[in-house]
Amino acid sequence: MHDFPFAWNGLDIDLYSTEEQVMWRGLIVLIGLVISQLALAESTEIVELKEEYERPKGIPFPADNPYSEAKLKLGKTLYFDPRLSESGTQSCATCHNPSFSWGDGMGLGVGHQHQQLGRKSPTILNLAWDEIYMWDGRKATLEEQALGPMESAAEMNLDLKQLPTMLGAIPGYVELFKQAFPEQTDPISTKNVAKAIATFERTVVSGEAPFDRWIKGDENALSEDEKVGFIVFNTKGNCASCHSGWTFSDSSFHDIGLPSEDIGRGKFLPKMEKMQFAFKTVGLRNIDLRAPYMHDGSLVTLEDVINHYNSGFVKRPSLSDEIEPLNLTKTEKKQLVAFLKTLTSQDEPVSMPVLPR
Ligand code: HEC
Ligand code: HEC
């Protein structure tokens, strides 16, 4: 019994004499081993969790609308051009403004002749990775989406049939279209307007944030509270069940219990109970720059958002099964907010294009 094979806490095992002591010693070693294995298991869990949030290497472009620099230039110019609206005052950037993290900083959008829209202008950040568009999912691609607001009487109120003629009368645009679609003899079309704008939108990507530096291995990039906030986000807070992946969106629809009358996705899927009052999960990158929150702009701060998920939601048959009282402590709420703020990147200011004449 005395030739126990290893030392404990630097003490030689031989210091212990009785059989009983050696037995206790063995037990302590065993418990120590179990605890260290558990700690190890937890840290591999965090490593695996972190892998789910790694940034992608490049931007995905669809095969039927591949990237080109010329198309991007044309798309960006069109995006910032207010001549694409009937009043000559509204561009896409009016409501999806880089200064407000590509939203408009307001609770509800404001459209043609200052009419208030029914929903908040969402950000266009990181949409290249989304699979369906609009709060209610009524558009399948960015190309399909792009012409909608120009045509909408409530938004840019433009007669799309006039658009090619209008653009064709601007020599600078004739040149930009030629460069963007060199294989076509008559490239100025609404279809190509949509393709160019969609190409530009796909390049609107949030830059590297402190969170990304931590994911890549820089332990000093986040504070302890921010790291715990990430764990709460993935465990007790249950946020990651919908806000998943590096953009923090599952590109799906859920009723999260906002008291708004708007049935969202339910309009298109009237028979599906869980789609009533369901809206698209929005990504959370740069979220600190985009208050107020939700499709109705009803939650003013990130603290309000956390309180909503903790216990403030409306219970109704359509409420997502993933939404339940969270019983978060005051500290956990603070840690969650601290974590959300680590998703903000310090992006280069966006330069406005000189509009062609
Ligand atoms: C008057 C404000 C306004 C203008 C101008 C406007 N939008 Fe929007 N945009 C909105 C609102 C509001 C929504 C959400 C509407 C909804 O989901 O019902 C939206 C939704 C979107 C979405 C969907 C985002 C997502 O996460 O699914 C995209 C993409 C978009 N707009 C791009 C554009 C482009 C491109 C233009 C210019 C051609 C444009 N918008 C002009 C207000 C505007
Ligand atoms: C059941 C799925 C689900 C869960 C769980 C969930 N979310 Fe959401 N989240 C959504 C959807 C859907 C929206 C958009 C809802 C709307 O506007 O009607 C949203 C919106 C948000 C917004 C506002 C984004 C914006 O641009 O307006 C924030 C912030 C947010 N969630 C954070 C969280 C946090 C933090 C948690 C965990 C405590 C969480 N979410 C849990 C689905 C979910």
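Taking a 23 Å limit on the Cα-Cα distance, which of the listed pairs Lys227/Lys330; Lys227/Lys333; Lys57/Lys178 fall beyond it?
Numbers: Lys227/Lys330 16 Å; Lys227/Lys333 13 Å; Lys57/Lys178 30 Å.
Cα-Cα > 23 Å for Lys57/Lys178; rest within.
Amide H neighbours of Ala278 under 5 Å, counting only residues 5+ apart in sequence or on other chains, H built in-plane at 1.01 Å?
Amide H neighbours of Ala278, under 5 Å, 5+ apart: Arg265, Gly266.
Over the chain, with every protein chain in place, what whole percent of the accessible area is carbon and sulfur at 1.4 Å, could you tell me? Intermediate values should be presented prior to the final figure.
Details: 10690 of 18920 Å².
The computed percentage sits at 56.
What residue among Asn220, Asn234, Asn307 has the largest mean-square fluctuation in a Gaussian network model of the chain, using Cα springs under 10 Å?
Result: Asn220 has the largest fluctuation of those listed.
Would you compute, from DSSP H runs of 4+ residues alone, the mean residue ellipticity of the chain at 222 nm, taking -39500 (n - 2.57) per run and dividing by the full residue count, rounded to the nearest 500?
On the way: 11 runs with 122 residues, N = 357.
Helix contribution divided over all residues of the chain: -10500 deg cm²/dmol.
Please tell me which of these pairs span more than 22 angstrom C-alpha to C-alpha: Lys139/Lys236; Lys139/Lys271; Lys76/Lys216; Lys280/Lys315?
Details: Lys139/Lys236 34 Å; Lys139/Lys271 20 Å; Lys76/Lys216 31 Å; Lys280/Lys315 19 Å.
In this structure, Lys139/Lys236; Lys76/Lys216 exceed 22 Å between Cα atoms.
Where the only charges are on Cβ atoms (+1 Lys, Arg; -1 Asp, Glu), what is the dipole of the chain about its Cα centre, to the nearest 20 debye? Can you show the working numbers first?
Working: 35 positive and 50 negative charges, 321 e Å.
For the chain, the charge dipole is close to 1540 debye.
Quick one: among Leu27, Leu336, Leu269, which has the greatest mean-square fluctuation in a GNM of the chain with alpha-carbon springs under 10 angstrom?
Leu27
Enumerate the aspartates and glutamates that Lys334 could reach by cross-link, defined here as Cα to Cα under 13 Å, with residues fewer than 8 away along the same chain left out.
Leaving aside aspartates and glutamates fewer than 8 places away in the same chain, those within reach of Lys334 are Glu224, Asp225, Glu226, Glu303, Asp304.
Which aspartates and glutamates, on any chain, are close to Lys161 with Cα under 15 Å apart, when same-chain ones fewer than 8 places away are left out?
Lys161 reaches Glu86, Glu151.
Give the accessible surface of region 150-257 per residue, rounded to a whole number of Å², with probe radius 1.4 Å and ligands, DNA and RNA excluded. Don't jump to the answer; show the numbers that get you there.
Working: 4580 Å² over 108 residues.
Each residue of region 150-257 exposes 42 Å² on average to a 1.4 Å probe.
Given axes a ≥ b ≥ c from the Cα gyration tensor, I'd like to know whether region 189-260 is rounded (a/c under 1.5), prolate (a/b larger than b/c) or oblate. Don't jump to the answer; show the numbers that get you there.
On the way: a/c = 3.78, a/b = 1.48, b/c = 2.56.
Oblate, since a/c reaches 1.5 and b/c is not below a/b.
The values are calculated or read from the model by the stated rules, or taken from the named source; none is laboratory data. What you are looking at is a predicted structure, and each value in this text was computed from that prediction instead of being measured. All Cβ positions, glycine included, derive from the backbone under ideal geometry; neighbour counts span all protein chains shown. Just the protein is used for accessible areas: all its heavy atoms, side chains included, with ligands, DNA and RNA removed. Shrake-Rupley method; radii C 1.70, N 1.55, O 1.52, S 1.80 Å.
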